[in-house]
Each structure stands twice: as C-alpha cells, then as structure tokens.
Amino acid sequence: MKNIFLFIFLTVTLQIIYAQEDLIEKKSNSQLKIPFTRFEYNELESQLPDTVHTALKPWHYFEINHQIIEKKYRSLNLNKKTWLGRKIFDEHLFPIVGPDYWITIDPVVDVRLGKDNLTTDYVFQNTRAIRVEGALGQKFSFSSTIAENYARFPAFFNRYAWNTYPAIVPGYGLNKSEDLKYIDYPYADGYIAYKPGKFFFFELGHGKHFIGEGYHSLLLSDNATNYPYFKVEATFWHVKYTTMWTAYQDLRPEYEQDGVYKKKFSAIHYISWNATKKLNLGFFESVIWYNANRRGFDVNFLNPLIFFKTAEYEAGSNASNTVVGLTARYKLPHKIDIYGQFVLDEMTVDKFFGEKGYWGNKFGYQIGVKYHDAFKVPNLFMRLEYNQVRPYTYAHGTITNYAHNYQALAHPWGANFKEALFEIQYRKKRLFAHNTFIIGQKGFDYPNNPVAYGGDVYQYIRPEDKSNEVYLLQGNLGKILLNQFEAGYILNPATNLKVFGGFIYRKTSIDQEIKTVKNETDKYIYFGIKTHLWNDHFDVF
C-alpha cells in the first residue's frame, strides 16, 4: 500500500515539475507515428523541410522538425486555467512525464448519429477505446490502441460489411455480429519503435501503411485491415530505403482449416530518392507468397537488396506474386506539387507495346496535383487526381493475390476502373472543413456468371477466357458519383478530439445489380465526436 501511495505521489509531483509544454516537446522528438489522417497530413506537408521523404506514410515525429509540431500546438492552445478545462481542451488526460521517459493514457471515442434515406432506422457508430503511448529514453517509443465498435452503417456501406463470409468491415476488422441490424467489430493497432543511431530505424507492430503522394495509392494503401509487420529503414545521403515484412491472410472458407485462416507473407522494398530539392523519385517492389509445399517463411526474401523477381523465379512461377511500381513528385512554385505513380503486375514486352488488348498487360497509373496554401490563403488545400488500372491487375491464380482479408491492398476499387477526384479542405484556428468529390467507372463481373472480367482481385482469369481483346471497363459497367463533406471544431489538439457533422451523397448505377452495387442514390447526414486517428473508408465501390 505504501508503494502505491508513493507511486501516486511521484506521478503527481512529476506532472507538476514537467509541464505539458515539455511533454509536447518530448513527443515531437520521439519515434512515434503521426496518426495518418488525410486532413492532418495535407496541412502538415506544406511545412515540411525538403529532406523529408513524404511518400512513405505514416510519418514519424523524429523525421519532422519538432518546432512545426510545437508551433501548431501553441497556436491552438486555449490556455485553460482549471484542471478540467485543460484536460478537455488542451492536454492529454493522464500524462506521466519524467526526465528520460513519458507515458500518456487517453480514451478514444468515435460516437456518431445519423440518418440516410435508404434506412428506416437511425444510423450510428459507437467506438470505445483506450490509447497508450510513450517513450523510454531517446531511442525507444511505443504505442497501443484497443477499440470495441458497435455500429449500424448507412445502406451502401452496410452491404460491404455483410458481403463476405466471414463478414469484414472495410478498413477496420471482422464483423462479429450475427444480427443483420447491427455490426460489432474490434480494432487494434500497436507497435514498438527503436532508432539506435543516425542511419537506421526499426519498427515491429500491427497496423498498416501507405505509399504515395495521392489521396489513393496504387502501390500500398490503408484500405485494408491491420496486419503484423516488421519494418527496417535506412536513411543516408538523399536516400531513404525501406524494407518491410508482413503477414496477410485469406478469409475464404475453402482455405480455412480447423478454424484457422490461411496465412500468406509479403516482403516489400521501397527506395525514395530526393534527386533535387524539388524532385523525388521512388521505386517499389512487393512479393506475396504462401506456405506451398511447407514452404513457410521463405528466407530468400529476407535479403533486403535483391530483386524479388529473381527469387520468385527460383522458387517456381506459381509460388509467389510480384508487383513493382514507380513514384514521382515535383515541386512547382507557389506550393504546387505534381505527382504520379505507375504500377506493373505483369508484362510481356512485345505484347505490352504491340498488343494493347493482351490480357497479361496488367498495369495502372496515377497523376495528380496538390496546391498548398492555395491562392495564398493559409491552411487552404486543394487536390486533383486521376487513377486508372487495367483488368486483372493485382489478381493471381492462387491465394497470392494482392489483397488481405477480402480487401485490396492498393486502391479500394481493386482493378478495371478509372477514377477522378477533387479534394478541398480549410482550417481557421480550431474550425475546419473538408470535402471530397469522386466520380468514376468500374467493370464488375456479372451475377451468376463464371467469367471474371478483371475488377475483382479475388477472381483470376481462367485459361479459356484469355484473349487479346481485354479492354478497360469491360464487363458489368458500374458508375459512381460520391461527395463527402465534413466540418467541425477541434476540441483538443493534443489528442485530436473533434466535434463534427457531415453529409455523404452517393449515386451509383450498374448494368446488372450485384450485392454491393445497386441503381440508387444514398443521402447520409451525421454528426458526432471522435478522436481522429485514422481515415474513414466510405469510398468503397
């Protein structure tokens, strides 16, 4: 009992000695990730030094000039005098700060109430979670978030959460509910991070990543659910080299054995080169394999320097699936960036250039432009982006498709689509607004038809379907128009707690209706309070 009272006394004393400003300084120099939300990253990016490799997300605090983080916090601080006022509006709920360590413990909430025109009952979301973060010394940091979620989503999103068996909530986790009126799903992420010196960085965790400068990525995105990973980064000269090993799984019942889902493994290389202060170039390669012939974790892919295609060829042509890609970004005057991606899943050189309809020409590209502090208005951000991916890209003949838990690992639409989007956001002190407009088309499969038209990364082309007449948007043509607007007030900048309201307008049409896409117009209005730590995924199609 004496030890408990001593601990409480020391904790309170340390919180008095080390003020919140000291905690912000310690956190902004740590190895922790900056929570990846599009709004925060769009705003922060314009302030980053030219040395930061911005395509690989989430970023870590130590990569950013700590004065940027501290300046933003001070600009939003209301300097409340009472303990309750500080905890609600300015500070972490329970910080423990010492000379060479710190820990924060905070509740995480996402409580929403809304109504859409296609659902008779009210739509809601109730997320209850706890988040623990901290650092020990100058080289070691850790974070953990555990959440329970109970929800009834708008009609279009609800269909995706019940579309598969077992059911999956896009971007979040397995749906445990047996009642079709409700969705019950867990969410957990966490990691430990270690930076032993100037050049190397190590991270072991359960989470997800994003590679690219765009709103969407054709290489690796945060579209799918979390997965275990181990990441090593080496930064030297103008180069950042990342190697990451991950474990994904296939939930399809035919691969389940004794209640255990089929596992597959991945190795990823990404090299980012700041060629000049304005130009960044990147090369990406990923390989996915599974335990064929008791192969287990293939040690060939532990080598961080090889090209995966060589090791893949030695193991057998069907043993794994390789995806490669290129990224680029160029900074124009007036805080305008142009960027792009090219992804290649398969190619036969002579057919790639000579037979444009060849089924094995599996590739896609992205081009976009970003405008920070648009028209010299601070914190006004605008983006235009176009994405296009050919049929059958990311698919493979075995479980080694480029997917995890029924979800594409790159763009949420999979393949056989084209998409254009416009994004705009603005913040004035603690008030904010964000709008995304998306229009696109995608070729789906026809219901009750075995032919795969290349949009579903889980459906691979059959040998008898192979031809030289494969074209973009072939199959059951679907069209989408989506606009999502959200505005609100930042209640606490230390935890990114927000009160907000929003409206989603979604119109879809398709030649023949399928389980997830109908000929309908959905109008969904909502409001709530949330700790904004991750992106929503309402742009599934």
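By how many nm would the segment from Tyr182 to Leu48 lengthen if fully extended, with 0.36 nm per residue of separation less the alpha-carbon distance? All intermediate terms of the calculation are to be shown ahead of the outcome.
Numbers: separation 134, 0.36 × 134 = 48.24 nm, distance 4.26 nm.
So the chain would gain 44.0 nm between Tyr182 and Leu48.
With 10 Å bins from zero, work out the P(r) of the range 321-377 over every alpha carbon pair and list the percent per bin.
Answer for the range 321-377: a P(r) of 21, 33, 22, 16, 7 percent.
Pop out the ³J(HN,Hα) list for the range 52-57 in order, Karplus 6.51 cos²θ - 1.76 cosθ + 1.60 with θ = phi - 60°, rounded to Hz; leave Gly and Pro as x.
Residue by residue, the range 52-57 yields 6, 8, 7, 6, 8, 10 Hz.
For the range 178-299, report the % of Cα-Cα distances exceeding 22 Å.
Distances greater than 22 Å cover 49 percent of the Cα pairs.
Hey, which lysines would be in cross-link range of Lys530, C-alpha to C-alpha under 17 Å, not counting anything within fewer than 8 residues on its own chain?
Lys87, Lys498
With label points built 7 Å along Cα→Cβ from the Cα atoms of Ala234 and Ile529, find their separation and express it in nm.
4.9
So for the pair Lys507, Leu281, with labels modelled 7 Å out along Cα→Cβ, what separation do we get in nm?
Reported label-point gap for Lys507 and Leu281 is 4.4 nm.
Subtracting the Cα-Cα distance from 0.36 nm times the residue separation, let me have the gained length for Ile88 to Lys115 in nm, one decimal.
On the way: separation 27, 0.36 × 27 = 9.72 nm, distance 2.83 nm.
6.9 nm is the gain from fully extending Ile88 to Lys115.
Between Ile514, Ala415, Pro99, whose Cα lies farthest towards the positive end of the dipole of the chain when Lys and Arg beta carbons carry +1 and Asp and Glu beta carbons carry -1, centred on the Cα centre?
So the residue furthest toward the plus end is Pro99.
So what is the diffusion coefficient of the chain in µm² per second by Stokes-Einstein at 4 °C and 1.567 mPa s, using a Kirkwood Rh over Cα pairs?
On the way: Rh = 24.5 Å.
Translational diffusion coefficient: 53 µm²/s.
Evaluate the charge dipole of the chain about its Cα centre and quote only its size in Debye, nearest 20, assuming +1 on the Cβ of each Lys and Arg and -1 on the Cβ of each Asp and Glu.
Details: 62 positive and 55 negative charges, 306 e Å.
Dipole of the chain, to the nearest 20 debye: 1480 debye.
Going highest first, how would you order 379-385, 389-395 by mean Cβ packing within 10 Å?
Values: 379-385: 19.1, 389-395: 26.9.
Packing order, densest peptide first, comes out as 389-395, 379-385.
For the chain, what's the relative contact order in percent, using C-alpha pairs closer than 8 Å and at least 6 residues apart?
On the way: 1338 pairs, mean separation 67.1, N = 541.
Contact order relative to length: 12 percent.
Which net charge results for the neighbourhood of Tyr215, defined as the other residues with beta-carbon distances under 11 angstrom from its beta-carbon, given Lys and Arg at +1 and Asp and Glu at -1?
Its environment carries a net charge of -2.
What nm value, rounded to one decimal, do you get for the distance between Arg128 and Phe200 when each label is placed 7 Å out toward the C-beta?
For the pair Arg128/Phe200, the computed spacing is 4.4 nm.
What's the FRET efficiency of Lys429 with His334 using the Cβ-Cβ distance as r and R₀ = 22 Å, to the nearest 0.05? Present the calculation step by step, with values, prior to reporting the outcome.
Working: r = 24 Å, r/R0 = 1.10.
According to the calculation, E is roughly 0.35.
Which of Lys195/Lys331; Lys466/Lys515; Lys208/Lys231 have a Cα-Cα distance over 20 Å?
Numbers: Lys195/Lys331 30 Å; Lys466/Lys515 26 Å; Lys208/Lys231 11 Å.
Where the Cα-Cα span goes over 20 Å, the pairs concerned are Lys195/Lys331; Lys466/Lys515.
Counting other Cβ atoms within 10 Å, which trypsin sites (Lys or Arg not before Pro) in the range 32-86 have at most 13 and lie in a DSSP loop?
Lys81
Show me the ranking of peptides 485-497, 170-182 by mean Cβ neighbours inside 10 Å, starting with the highest.
Numbers: 485-497: 18.8, 170-182: 15.7.
Most protected by this proxy first, the peptides run 485-497, 170-182.
Please compute the length gained on full extension between Asn519 and Ala487, using 0.36 nm multiplied by the number of residues separating them and subtracting their Cα-Cα distance.
Working: separation 32, 0.36 × 32 = 11.52 nm, distance 2.87 nm.
Stretched fully, the Asn519-Ala487 segment lengthens by 8.6 nm.
Any read-out appearing in this document is the output of simple, stated calculations on the displayed coordinates, not a laboratory observation. As the structure is a computational prediction, the values presented were derived from the model and not from experiment. Counting neighbours? That spans all protein chains shown, and the Cβs are built from the backbone with ideal geometry, glycine included.
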